[in-house]
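> Handing you this structure, nothing more for now.
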Amino acid sequence: MTRPPGSRRHLPNSPFNVPAPPAPPVEHFEVGDRVSHDQYGLGRIVGVEGEDAVVIDFAGRQGRFLSPYPKLAKL
């Protein structure tokens, strides 16, 4: 025997009722911006591919980073 579908009752003090935290805003970079990366150090933006990716030069070593940029900070 199955139970008829009914609405579930959520308790007001339930830990599962908390809303999800808002996503942090995505930074917008331009060519020439100085940035700092947690692993690679200081660098300069040499290319921007729309909102999807940036190309960064870290003292002769280039890297392409996809959005969102969690380890990248604009200086």
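> For region 38-63, give me each residue that is without any contact (Cβ under 8 Å) to a residue 12 or more places away in the chain and more than 12 Å from HIS28 (Cα to Cα).
Passing the criteria: VAL55, GLY60.
> Looking at region 56-71 only, could you name the residues that are touching a strand residue (DSSP E or B) at 6+ places or on another chain (Cβ under 9 Å), open to solvent by less than 100 Å² (accessible area, probe 1.4 Å) and in a loop (DSSP other than H, G, I, E, B)?
SER67, TYR69
> Then there's this: Tally time: how many residues in region 1-17 are open to solvent by 100 Å² or more (accessible area, probe 1.4 Å), in a loop (DSSP other than H, G, I, E, B) and at pLDDT 75 or above?
The number of residues fulfilling the criteria is 2.
So that you can scan it fast, the table gives a plain yes or no per residue for (1) open to solvent by less than 90 Å² (accessible area, probe 1.4 Å); (2) of a type in the set (D, E, K, R):
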{"position": "PRO19", "(1), (2)": "no, no"}
{"position": "GLU30", "(1), (2)": "no, yes"}
{"position": "ARG34", "(1), (2)": "no, yes"}
{"position": "LEU42", "(1), (2)": "no, no"}
{"position": "ILE45", "(1), (2)": "yes, no"}
{"position": "ASP52", "(1), (2)": "no, yes"}
{"position": "ALA73", "(1), (2)": "yes, no"}
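The values are calculated or read from the model by the stated rules, or taken from the named source; none is laboratory data. Quantities reported herein were computed from a predicted structural model and do not represent experimental measurements. All Cβ positions, even for glycine, are placed from backbone atoms using ideal geometry, and neighbour counts span all protein chains on display. In case anyone asks, the SASA skips ligands and DNA or RNA and just uses the protein heavy atoms, side chains included. Shrake-Rupley method; radii C 1.70, N 1.55, O 1.52, S 1.80 Å.
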